[in-house]
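Everything below concerns the one structure shown next.
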Amino acid sequence: MKVRQLTTQQKDQLVGQTYDGVQFFNPTLDADGNWFISNEEYFNCTTDALFGWNLPEIDYNPVIVEFPI
Amino acid sequence: MILANHGIIASSGGVSFDADAQAFITAAAITDSTQQTAINTLVTDLKTANIWTKMKALYPFVGGTAAQHRFNLKDPRTVNAAFYLEFFGGGTHSANGYLPNGTTAFADTKLVPNTILQLNSSHFSYYSRTNVSESSTEMMVYTSGQSIIDLYVRFTDGNMLSRIYNTTTSTTSVPSSLGLFLMNRPDANTIKQHRNSDIISSSSSTSASTKPNINLYIGSGNNNGTTYGFSSKESAFSSIGDGLTDTEAANFYTAVQTYQTTLGRQV
């Protein structure tokens, strides 16, 4: 699975912003310390939140958490 | 408007619906006649079974768009106090419901169990249209020092896992992650798991003395304010409310499955 990498500054800019007028971006931290958004957020963005950004595609490497808590 | 068995019936465009159904149809801008009928039948079925008043939040995920899927059938106002969903991350919305992407997507219900739910009577349900075993939670909230609510429809080990205000996880093997999964605390000392019309486990479990005091999420967990265990299971319905008797749980499944069948998305 692939996701789109963000810089910390980009992450801060997206928090609280919608990508389609309804759904909010959810920048998430991966196991390598990279911030990312999903390809769904990237490709379905109809606002100008990502205007001019060419976000690199990286492998999804989720933070491993203990299940269940 | 006329009076009928289920209360005041609203008439719109020559078709009469239950007033609560009509309020949702209007708020969520449901224009498709099949979807309107499905909602109306769901509401009247729940009222006939005396389940309607036990519900705090009903998310029928009908209409096909994120904006329409935000509405709570029980209280279709556009305010947090009505548990009007707020979607985050890359969810996909279609005629089949809400598909969280397993990486960033979830829905914030705005429902805080500590202020809304009863310690000794609660249920949570998730109608899954995706057959996958994964390390994800479909409904969950936990705050340190409080008890936990969590539902794992089908974990990587093939089990349905759930807790409602207790520390011991109910663990039951399920053949797939398809269908209506309901975790139920009908009283202070009992925990039950239901899948479709079956009670798949029942155990003695005493409620803790506390309830989580932050928002419950759907499609992932809310672990002390941090998302946890993103799900990729498409949901065609979800509910939060009081505990259900066995008969009520069976009638609840029948009503939900009838609703899904009408919409052609039953599993």
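The values are calculated or read from the model by the stated rules, or taken from the named source; none is laboratory data. Computed from a predicted model, the values in this text were never measured in an experiment. In this analysis, Cβ positions are derived from the backbone assuming ideal geometry, glycine residues included, and neighbour counts consider all displayed protein chains. Calculation scope for accessible area: heavy atoms of the full protein, side chains included, ligands and nucleic acids excluded. Shrake-Rupley method; radii C 1.70, N 1.55, O 1.52, S 1.80 Å.
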| said: Suppose the filter is without any contact (Cβ under 8 Å) to a residue 60 or more places away in the chain and open to solvent by 10 Å² or more (accessible area, probe 1.4 Å); does B:Val79 pass it? | reply: yes
| query | Applying the selection to the range B:155-175, what residues are closer than 17 Å to B:Leu119 by Cα and surrounded by fewer than 16 Cβ atoms within 10 Å (Cβ to Cβ)? | reply | B:Thr167, B:Thr168
| Qualifying position, being open to solvent by 10 Å² or more (accessible area, probe 1.4 Å), modelled with pLDDT of 95 or more, of a type in the set (D, E, K, R) and over 17 Å from the mean Cα position of the chain (by Cα), among B:Asp242, B:Asp246 | B:Asp246
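For every residue, the table says whether it meets (1) closer than 27 Å to B:Asn101 by Cβ; (2) without any contact (Cβ under 8 Å) to a residue 60 or more places away in the chain; (3) surrounded by 15 or more Cβ atoms within 10 Å (Cβ to Cβ).
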{"residue": "B:Ser177", "(1), (2), (3)": "yes, yes, yes"}
{"residue": "B:Asp187", "(1), (2), (3)": "no, no, no"}
{"residue": "B:Thr190", "(1), (2), (3)": "no, yes, yes"}
{"residue": "B:Asp198", "(1), (2), (3)": "no, yes, no"}
{"residue": "B:Gly221", "(1), (2), (3)": "yes, no, yes"}
{"residue": "B:Thr227", "(1), (2), (3)": "yes, no, yes"}
| Selection from the range B:25-70 of residues that are of a type in the set (Ser, Thr, Tyr) and either surrounded by 21 or more Cβ atoms within 10 Å (Cβ to Cβ) or part of a helix (DSSP H, G or I) (or both) | B:Thr26, B:Ser33, B:Thr34, B:Thr37, B:Thr41, B:Thr44, B:Thr48, B:Thr53, B:Tyr59
| Verdict on A:Val22 being within 10 Å of chain B (Cβ to nearest Cβ), in a loop (DSSP other than H, G, I, E, B) and either touching a Lys or Arg at 6+ places or on another chain (Cβ under 7 Å) or at pLDDT 95 or above (or both) | yes
| request: Pick out, from the range B:173-253, the strands (runs of 3 or more DSSP E) lying fully within it that include 2 or more residues that are away from every other protein chain (no Cβ under 14 Å). | output: B:179-187, B:190-195, B:198-204, B:235-241
